[in-house]
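Have a look at the structure below before the remarks.
The values are calculated or read from the model by the stated rules, or taken from the named source; none is laboratory data. Remember, it's a predicted structure, so these values are computed and weren't measured experimentally. So basically every Cβ, Gly included, is an ideal-geometry build from the backbone, and we count neighbours across all protein chains shown. For accessibility, only protein heavy atoms count, side chains too; no ligands or nucleic acids. Shrake-Rupley method; radii C 1.70, N 1.55, O 1.52, S 1.80 Å.
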Amino acid sequence: MYWRDETAEAWRGFWSGVQAAASSALPPLIGPNDLPEDWTQHWLDPNLLLSQTCSYPLRTVLRDRVTYVGTFDFGLDAPIGYYYSRFVKRARGVMPRRLAINSYDSQSGFAAGFEPLSQASDASAYARHVDQIIVTGSHTASLRAVADGRADGAYIDAVTYRLCKAFDPWGKAPFLAGRTRSTPGLPLITARGRDPAPLRAALAAACETSPWMGHRALGGLRGVVVLDEALYHALPTPRAQSDRTSRQFDPAAREPGR
């Protein structure tokens, strides 16, 4: 889910380590641009070996239809295996009336900003002032929209934010206004009924030996953990804001990082 041109070599290198550690032959790694347009179709493929999804679809359209494998840890200032969203604004003091989101089924780009008031962080409270939601198709496109002034604010996955700061010349332009509360990170999944134990063992072994661990191209990947899947299902699921204006900035954008 954190794949981009600058990180593809690193992810392929890491996957080579997983293949070397596996008890049986594993296929080559497939980049997101080679996946079906409908990612739900990909995630529900009965032959799915391993993929990464977002906690929002895991607890909605994928619930009880896939097998949870584990969660990557990226060494964020959060519990192991957890992440959060950075809230960015066009400039200090700007009230975010126009909010850019990657999609309505994104935990970090949408749901994190529309949690119940009883659980909302200072950063997620900004969403209460939004008049317009602009769907961009990706976290990178949302951050770019804020940097270019086409949106006033956006919630950006903390790992994607790291990558944009590292590789995009405009990545540091938006004003960093805060962060949401930490939630379980993007889950790794396999097909329903497949035993996740061999995959867990191969991933853990690769995390112990891969020279790419901690590299910025992998967003600072530190390891893999197995969380209690119930933690994902316990997260609140806000409804899509259908009463708000929504338009597409970049319909071709498919950079994941949800």
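Odds and ends about this structure:
- Pairs meeting the criteria (first residue in segment 211-239 and among the polar types (S, T, N, Q), second residue modelled with pLDDT of 95 or more and open to solvent by less than 60 Å² (accessible area, probe 1.4 Å), beta carbons under 9 Å, at least 6 apart or on different chains) are Thr237/Tyr56; Thr237/Arg59; Thr237/Thr60.
- For Ser242, the stated conditions do not hold, so it cannot be described as of a type in the set (Ser, Thr, Tyr), surrounded by 12 or more Cβ atoms within 10 Å (Cβ to Cβ) and modelled with pLDDT under 95.
- Counting only residues that are at positive phi and modelled with pLDDT of 95 or more, segment 71-100 holds 2 of them.
- Per the listing Phe87, Phe110, the residue uniquely in contact with a Gly (Cβ under 7 Å, 6 or more places away or on another chain), buried (at least 18 other Cβ atoms within 10 Å of the Cβ) and closer than 23 Å to Trp170 by Cβ is Phe87.
- Meets criteria (free of Cβ contacts under 8 Å to residues at least 24 places away in the same chain and either in contact with a Gly (Cβ under 9 Å, 6 or more places away or on another chain) or within 29 Å of Leu235 (Cβ to Cβ) (or both)) for Gln52: no
- Candidate set from segment 10-23 (those that are open to solvent by 40 Å² or more (accessible area, probe 1.4 Å) and in contact with a helix residue (DSSP H, G or I) (Cβ under 7 Å, 6 or more places away or on another chain)); member that is nearest to Glu208 (Cα to Cα): Ala21
- Condition check for Phe72 on (1) in contact (Cβ under 8 Å) with a residue 40 or more places away in the chain; (2) assigned to a loop (DSSP other than H, G, I, E, B): one failure, at (2).
- Here Pro79 fulfils each of the conditions (1) under 30 Å from Trp15 (Cβ atoms); (2) crowded, with 21+ Cβ neighbours inside 10 Å; (3) out of contact with any helix residue (DSSP H, G or I) (no Cβ under 6 Å at 6 or more places or on another chain) apart from (2).
- Where a residue in segment 28-41 is under 16 Å from Ser138 (Cα atoms) and its partner, wherever it lies, is assigned to a loop (DSSP other than H, G, I, E, B) and modelled with pLDDT under 90, with Cβ under 8 Å and at least six apart: Pro32/Met1; Pro32/Arg254; Pro32/Glu255; Pro32/Pro256; Asn33/Arg254
- Scoring Pro198 on the criteria (1) buried (at least 23 other Cβ atoms within 10 Å of the Cβ); (2) out of contact with any Leu (no Cβ under 7 Å at 6 or more places or on another chain) leaves a single failure, condition (1).
- Residues that are in contact (Cβ under 8 Å) with a residue 12 or more places away in the chain, over 16 Å from Ile101 (Cβ atoms) and open to solvent by 10 Å² or more (accessible area, probe 1.4 Å) were ranked within segment 149-170; the one that is nearest to the chain's Cα centre (by Cα) is Arg162.
- Segment 171-195, subset within 30 Å of Ala127 (Cα to Cα) and among the polar types (S, T, N, Q), residue surrounded by the fewest Cβ atoms within 10 Å (Cβ to Cβ): Ser182
- Considering the conditions (1) touching a strand residue (DSSP E or B) at 6+ places or on another chain (Cβ under 6 Å); (2) open to solvent by less than 20 Å² (accessible area, probe 1.4 Å); (3) of a type outside the set (Phe, Trp, Tyr); (4) farther than 18 Å from Asp195 by Cβ, Pro57 is excluded by exactly one of them, (1).
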